[in-house]
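Q: Please read through the structure below; I'll follow up with questions.
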Amino acid sequence: MGCKGDQTRDAILEGALKLASRVGLEGITIGMLSEELALSKSGLFAHFGSKESLQLRTLEYAAARFAQVVVMPALAAPRGEPRVRALFEGLLRWPERVPQPGGCVFVAAAVEFDDRPGPIRDRLREIRREWHAFLAGAVRRAIDAGHFRSDLDPQQFAFEVDGIGLAWHHASRLLDDPKAGERAHRAFEALVAGARAPRR
């Protein structure tokens, strides 16, 4: 596929991602997307072929965009605590950096597919596990750098960061809590303070 075709595909998937954040992955169909983007159904069918293919491609696109706007910028931060902080900040800003009017598509998809076996659930699990592994790896490097204590459990730290992110998502969107961001940052600072290596 040429450059123009790639741009067209990415524009379609950007629209699909926005739509999925509002109506869920299960909610997006070729017909609905054609109405949303004012494109022909036949043209979209040529790109995706089926509803499930559209859902999977949307999920893959979301994962690629997450890597682009959260993971890659964090890699520019120094290893150790600064990089862990950059990952946390990127996690909170992700639904804004890649506009998702209905909130994080991964949160919505997890609710939809957590008990529905199939390729979408399988891929979603892989994406989430890759994120946890990457975050835990950043924590291990913070331990190696002497920023975090040597007995810290990186997987537990990643689990708690993800928990803060989910609590922030629900507080800011469902509960309209104006202090959601402040509370998330306070919880993260407490987590980091507990993780730091003792001063020598």
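Q: Out of residues 5 or more away from R196 or on other chains, whose amide H comes under 5 Å of its own, with H placed 1.01 Å from N in the peptide plane?
A: Those lying under 5 Å, H to H, from R196 are R149.
Q: How big is the gap, in Å, between the Cα center of the range 37-93 and the Cα center of the range 164-200?
A: Here the two parts' Cα centres lie 23 Å apart.
Q: If you put +1 on each Lys and Arg Cβ and -1 on each Asp and Glu Cβ, how big is the dipole of the range 58-195 around its Cα centre, in Debye rounded to 20? Don't skip to the end; give the middle numbers.
A: Working: 19 positive and 19 negative charges, 59 e Å.
Rounded to the nearest 20 debye, it is 280 debye.
Q: Would you work out which of F88, L124, M72 lies farthest towards the positive end of the dipole of the range 58-195, given +1 charges on the beta-carbon of Lys and Arg and -1 on that of Asp and Glu, about the Cα centre?
A: It is M72.
Q: Does anyone have the angle between helix 81-97 and the longest principal axis of the chain? Alpha-carbon axes, 0 to 90°, nearest 10?
A: Value to nearest ten degrees: 30.
Q: Please state the shape class of the range 100-179: rounded when a/c is under 1.5, otherwise prolate if a/b exceeds b/c and oblate if not, all from the C-alpha gyration tensor.
A: Oblate.
Q: Report the gain in length on full extension from A145 to Q68: 0.36 nm times residue separation, minus Cα-Cα distance, nm rounded to one decimal. It would help to have the intermediate numbers written out before the result.
A: Numbers: separation 77, 0.36 × 77 = 27.72 nm, distance 2.54 nm.
Extra length from A145 to Q68 when fully extended: 25.2 nm.
Q: Nearest 500 deg cm²/dmol is fine: what mean residue ellipticity at 222 nm does the chain get from its DSSP H runs of n ≥ 4 alone, each adding -39,500 (n - 2.57), divided by its residue count?
A: Numbers: 10 runs with 145 residues, N = 200.
Counting only the DSSP helices, I get -23500 deg cm²/dmol.
Q: Helix 180-195: angle to the longest alpha-carbon principal axis of the chain, degrees 0 to 90, nearest 10?
A: It works out to around 40 degrees.
Q: Just the C-alpha atoms of the range 58-195: what Rg/Rh do they give, with Rh taken as the Kirkwood radius?
A: So for the range 58-195, dividing Rg by the Kirkwood Rh gives 0.96.
Q: What residue among F48, A197, H170 has its Cα farthest toward the positive end of the dipole of the chain, where the charges are +1 on Lys, Arg and -1 on Asp, Glu, each on the Cβ?
A: Of the candidates, A197 comes out farthest on the positive side.
Q: In degrees between 0 and 90, to the nearest 10, how far off the longest principal axis of the chain does helix 119-144 point, with axes built from Cα atoms?
A: The angle comes out near 20 degrees.
FYI, it's all coordinate maths here, none of it is from the lab. As the structure is a computational prediction, the values presented were derived from the model and not from experiment. Ideal geometry is used to build each Cβ from the backbone, glycine not excepted, and the neighbour counts take in all protein chains shown.
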